[in-house]
Amino acid sequence: MLLGGCGTPQLFYDRTELRHDPLPERQVRALPEEILRRLDGRRAVWVDVDGKETVLNAATLPQLPTAELGALWAALLLGRTGGEYDMRIHVAGKGPSPISVLIGGNDSLRILSSRGDAPREAVLTEAKIRERFGLQRSFQGEWSEAERQALTESLALLQPGELAVLRTVRFERSQRDLGRDKAARYELDGCLARITLYPAGAGFNRYLFVGDVIAPRDAVLFPLLHEIGHVVERAPARRALCAAESHRVAAEKHRSDAWRLRDQPARYHALIRRHEDLVRRYDELIAEAERLRSPGPVITAYLRALAGQPPPTDYGRESAQESFAESFALFHADPQALSRARPAVYRWFASGGHVKAMNAAMAGILEVDEDGVDEVPW
Ligand SMILES: [Zn+2]
């Protein structure tokens with residue numbers, strides 16, 4: 001049990017997959033007695049697709065559909081106090097049913113039924129995706145239709161200020177299998193930022209969904225949005241690295257120009273002095289980039305909003321950056337879940353706190369007005 005400051009269990013979002021074989025209908029129908037024993041007097045409520053609430057007891061439990069019974073059973077076996085579980089429950093002979101189980105701080109349970117997934121975005125070609133969202137770099141690797149659709153859905157959830165820092169990010173689909181828990185990755189290599197989707201991402205939607213149970217979405221949106229969260233928190237550092245890169249290129253150009261004019265001392269020395277200025281500015285920008293990612297202004301502002309509470313997911317405990325990326329993904333994919341688990345963090349994102357912190361940190365770096373350095377590359 002996760003305990004907060006004053007002994008209140010913390011609410012959180014649990015992304016653990018409850019992997020299971022399709023449930024045999026008859027066996028599950030025999031569960032109510034065992035479920036009652038495990039409930040042990042705790043309150044359990046079923047919210048059906050019309051929002052009607054039914055308190056579950058010996059009389060009402062048998063009315064529960066098989067998938068909902070299975071979800072309740074799974075939550076009783078594996079669920080943790082305070083957790084939200086967005087599951088796809090498979091019943092033998094039927095397709096998967098998205099079902100949410102919310103476990104309260106007092107261990108009460110709410111089982112929420114769904115009418116089925118949200119309408120999907122159209123499948124777009126790479127060119128159309130790039131045009132719609134203003135992405136400049138061509139994709140790498142083989143993207144299936146379903147993956148392009150999921151990427152489109154992730155991008156469609158973003159605000160203009162967030163899309164602006166994705167413009168020159170490279171999206172790559174890798175066939176390298178890094179294990180079933182490694183769905184995606186963000187890498188920053190100098191000025192180049194890359195989001196890679198791995199094979200595990202393709203299977204993410206089997207036992208999980210993400211989003212409101214009224215309109216469930218493909219679970220792979222979560223890792224995609226998580227990596228986009230890293231693009232946002234690293235944007236100021238990346239801006240400094242990109243500006244440094246353009247200074248380095250300009251410095252080299254001045255040096256080779258100088259070499260060509262070495263028999264004209266006045267011009268030669270002017271170019272060399274300019275070269276030295278650019279190298280000095282390059283060094284400053286590299287130091288600035290270092291300062292902006294340890295841990296950086298977006299993370300600092302985020303931690304203030306989090307106010308000492310644990311992150312909204314287990315994985316967020318890895319680091320402040322992972323905590324931010326998890327909250328960012330939840331804010332976009334399942335805002336109600338973030339609002340339930342961390343209302344102050346939800347309000348911070350909703351008021352654009354992350355975009356303001358990011359833009360404020362990048363504003364100074366934009367002012368590159370020296371000759372020979374026209375603009376930063378993004
Ligand atoms: Zn991460």
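Once both labels are positioned 7 Å from their Cα atoms along Cα-to-Cβ, the gap between residue 303 and residue 142 label points is 4.4 nm.
DSSP beta bridges fully contained in the chain are about 65 percent antiparallel. Listed from fewest to most Cβ neighbours within 10 Å, the set 315, 186 follows the order 315, 186. Summing Cβ point charges (Lys, Arg +1; Asp, Glu -1) relative to the Cα centre of the chain gives a dipole of roughly 120 debye. Residues 319, 246, arranged from fewest to most other Cβ atoms within 10 angstrom of their Cβ, appear as 319, 246. Computed over region 205-293, the percent of Cα pairs more than 15 Å apart is 70. Here's how it looks for residue 107: its modeled amide H is under 5 Å from those of 82, which are all 5 or more places away or on a different chain. Label-to-label distance, residue 189 versus residue 168, with points set 7 angstrom from Cα along the beta-carbon direction: 1.6 nm.
Computed over the chain, relative contact order equals 15 percent, with contacts defined as Cα pairs under 8 Å that lie 6+ residues apart.
Over the chain, dividing the summed -39,500 (n - 2.57) contributions of all DSSP H runs of at least 4 residues by the number of residues returns a 222 nm mean residue ellipticity of -14500 deg cm²/dmol. Couplings 3J(HN,Hα) of region 84-101, computed from phi: 10, 10, 9, 10, 10, 9, 9, 10, 3, x, 10, x, x, 10, x, 9, 9, 10 Hz, in residue order, whole Hz [Karplus 6.51 cos²θ - 1.76 cosθ + 1.60, θ = phi - 60°; x for Gly and Pro].
Distances between placed amide hydrogens fall under 5 Å for residue 12 paired with 83, 84, all partners being 5 or more residues away or on another chain.
Report the semi-axes of the equivalent ellipsoid for region 230-378 in whole Å, largest first, where each axis is √(5λ) for an eigenvalue λ of the Cα gyration tensor.
Working: eigenvalues 380, 29, 22 Å².
Equivalent ellipsoid semi-axes, largest first: 44, 12, 10 Å.
Residue by residue, region 30-44 carries 3J(HN,Hα) couplings of 8, 7, x, 4, 5, 5, 4, 5, 6, 4, 6, x, 5, 7, 10 Hz when phi is fed to the Karplus relation 6.51 cos²θ - 1.76 cosθ + 1.60 (θ = phi - 60°); x denotes Gly or Pro. Ordered by the number of other Cβ atoms lying within 10 Å of each residue's own Cβ, fewest first, 191, 242 fall into the sequence 191, 242.
Can you give the convex hull volume per residue for the Cα atoms of region 157-249, as a whole number of Å³?
Details: hull volume 9.5 nm³, N = 93.
Hull volume over Cα atoms, normalised by residue count, gives 102 Å³.
3J(HN,Hα) along region 344-355, derived from phi through the Karplus expression 6.51 cos²θ - 1.76 cosθ + 1.60 where θ = phi - 60°, amounts to 5, 5, 4, 5, 4, 5, 4, 8, x, x, 5, 5 Hz, with x in place of Gly and Pro.
Where a number appears in this text, it was derived from the coordinates with a stated rule and is not lab data. What you see is a predicted model; the values in this text were computed from it and never measured. Note that we place each Cβ from the backbone using ideal geometry, even for glycine, and neighbour counts take in every protein chain shown.
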